[in-house]
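Participant: Before I ask anything, here is the structure I am working with.
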Amino acid sequence: MKFFYDLGTFMNKLLVSAFGLTALSLFACQAVPQPTPERNQLASFRAQRASIAIDTQLGEAAVANEAALTEEIGTVILKGLQKEAGKFPMTRDVHAKHHGCVKSFFEVNNAALPQQLRVGVFARNQSYPSWIRFSNGQGKPKNDIDGDIRGFGLKLMGVPGAKLLENERNEQTQDFLLINTPDFFIKNLPDYVGFIEATTNGGLGLAGYAITHPGVMYKIYKIFGQKVANPLEIDFFSTTPYKLGSTAVKYRVKSCQPGKTPMPSNPTPNFLRENLSRSLNNQEACFTFMVQLQKDIRSMPVEDSTVHWDENQSPWLPVANIRIPAQRFDSEAQMGYCENMSYTPWHSLPEHKPLGAANRVRKTVYEQVSQFRHHHNSAPRKEPTSHELRL
Ligand code: HEM
């Protein structure tokens, strides 16, 4: 009974917040930017999608109607964002609330990798300056005590070589996006389209989706139920796979914090940022960046990210230390800078190409949504080149 009550409460939350897609407002009538991309922008996205190579030897396979499904996802998200057009700044449609962006160093140690997999940023043992954006997953900023997915956006700088994102091919950044669960909760693109439409329309549509997809709702419910007191003390996962040279891998960042912050008894709305700030005030922190190698394309598929890759079959290998020096990160200027940072798994070297349908969709959807948001906020997209704030 409690489960259904909680699921009901949770579904109500989804109505107003999941993936940031608010219920349709009958009263939205002010002039707003167009959600539909212009014809030449659409043509550019189609070309970018068409340029994605399918790595069949790693188990990749194009999905029927993939282009149409991708466009549908982009359009639904933009329509949701359009309802925020009266607000400034327009925040991300998911992972809207950040706890801060912290300066860090990604110190590669490739000893655990076989020689042929020492490629891309793992080619040499070197240190890259990086930014980490800690976030809550929902599209509407909520109190931190509310159930949510927690995000970890990692951006390495000073990474040479042409990148996969056509519009930012010459940028020197490599991004890794992770959340606090090892497995994604949606199996395939048609399910994703159904989910995103249901959460946009809410009400009966969402109830119908919950009835026909109880597994998806239960997985989200379980992630939302995790108690998080300090984002430095939990592990994050890519859930989706990426290339590492000739193979596929998943990523994990494993906390190496010694202590455990207790859950607050009287939680303030932003206690995650406050605890992060307290931890980094006079002490450094760390995570271990790990990869899990694909050992078998059937039991470790790349197209279905709900399938757990068994650690007994392929244990996590440490490949870098993420060092976060003691710092103050929550000045107004730095919090604003963090808001305008852009993460996408396609800010990537070809050696770390994103794999699988969910990742292919993300190439143009993130680009489309981010461009729309940055344009609305009059904040041109600028990839950082150092720890200095380029305001
Ligand atoms: C079809 C699948 C997905 C779609 C359509 C999607 C869509 C989006 C969009 C539109 C944004 C905001 C981009 C922006 O405005 O800058 C975003 C952010 C984000 N997504 Fe996804 N997403 C998908 C799957 C995933 C998966 C599998 C993960 C798992 C790691 C993930 C993790 C994140 C994170 C951490 C952010 C915040 C990045 C930041 O800090 O800026 N997403 N997603």
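Values in this text are rule-based calculations from the coordinates and carry no lab data. Treat the numbers as computed from the prediction; the structure is a model and nothing was measured. Counting neighbours? That spans all protein chains shown, and the Cβs are built from the backbone with ideal geometry, glycine included.
Participant: Taking SER277 and the conditions (1) more than 16 Å from the ligand (Cβ to nearest atom); (2) buried (at least 18 other Cβ atoms within 10 Å of the Cβ); (3) over 21 Å from the mean Cα position of the chain (by Cα), which numbered condition does it fall short on, given that it satisfies the others?
Facilitator: SER277 satisfies every listed condition except (2).
Participant: Need the failing condition index for LYS250 against (1) within 16 Å of the ligand (Cβ to nearest atom); (2) within 18 Å of CYS286 (Cβ to Cβ); (3) basic (Lys, Arg), just the number.
Facilitator: It is condition (2) that LYS250 fails.
Participant: Tally time: how many residues in the stretch 343-391 are in a helix (DSSP H, G or I), away from the ligand (no atom under 11 Å from the Cβ) and touching a strand residue (DSSP E or B) at 6+ places or on another chain (Cβ under 9 Å)?
Facilitator: 3
Participant: What pairs come up if the first residue lies in the stretch 234-245 and is under 17 Å from THR306 (Cβ atoms), the second is near the ligand (Cβ under 8 Å from one of its atoms) and part of a strand (DSSP E or B), and their beta carbons are under 6 Å apart, counting only those six or more places apart or on different chains?
Facilitator: PHE237/LEU178; SER238/LEU178
Participant: Could you list, in sequence order, all residues of the stretch 224-277 that are part of a helix (DSSP H, G or I) and either under 19 Å from ARG328 (Cα atoms) or charged (D, E, K, R) (or both)? Break it down stepwise before answering.
Facilitator: Residues of the stretch 224-277 that are part of a helix (DSSP H, G or I), as a first pass: 224, 231-233, 271-277.
Within the stretch 224-277, PRO231, LEU232, GLU233, PHE271, LEU272, ARG273, GLU274, ASN275, LEU276, SER277 meet the criteria.
Participant: Let me ask something else. Take the residues in the stretch 141-167 that are surrounded by fewer than 19 Cβ atoms within 10 Å (Cβ to Cβ) and within 19 Å of GLU339 (Cα to Cα); name whichever of them is farthest from the ligand (Cβ to nearest atom).
Facilitator: Filtering the stretch 141-167 for residues that are surrounded by fewer than 19 Cβ atoms within 10 Å (Cβ to Cβ) and within 19 Å of GLU339 (Cα to Cα), the one farthest from the ligand (Cβ to nearest atom) comes out as ASN143.
Participant: Considering every residue within the stretch 304-311, establish whether at least one is in contact with a Pro (Cβ under 6 Å, 6 or more places away or on another chain) and either surrounded by fewer than 18 Cβ atoms within 10 Å (Cβ to Cβ) or assigned to a loop (DSSP other than H, G, I, E, B) (or both). Spell out how you get there, then give the answer.
Facilitator: So in the stretch 304-311, the residues in contact with a Pro (Cβ under 6 Å, 6 or more places away or on another chain) come out as 307.
Still in the running and either surrounded by fewer than 18 Cβ atoms within 10 Å (Cβ to Cβ) or assigned to a loop (DSSP other than H, G, I, E, B) (or both): 307.
So far as the stretch 304-311 goes, yes, one or more of its residues are in contact with a Pro (Cβ under 6 Å, 6 or more places away or on another chain) and either surrounded by fewer than 18 Cβ atoms within 10 Å (Cβ to Cβ) or assigned to a loop (DSSP other than H, G, I, E, B) (or both).
Participant: When the stretch 107-142 is examined, which residues are found to be hydroxyl-bearing (Ser, Thr, Tyr) and within 20 Å of the chain's Cα centre (by Cα)? Spell out the reasoning first.
Facilitator: Filtering the stretch 107-142 for residues hydroxyl-bearing (Ser, Thr, Tyr) gives 127-128, 130, 135.
If the condition is that a residue be hydroxyl-bearing (Ser, Thr, Tyr) and within 20 Å of the chain's Cα centre (by Cα), then SER130, SER135 are the ones that fit.
Participant: Separate question: Could you pull out the residue among TYR251, TYR209 that is among the aromatic types (Phe, Trp, Tyr), surrounded by 18 or more Cβ atoms within 10 Å (Cβ to Cβ), in contact (Cβ under 8 Å) with a residue 40 or more places away in the chain and farther than 18 Å from ASP148 by Cβ?
Facilitator: Details: TYR209 fails: in contact (Cβ under 8 Å) with a residue 40 or more places away in the chain.
From the options TYR251, TYR209, the qualifying one is TYR251.
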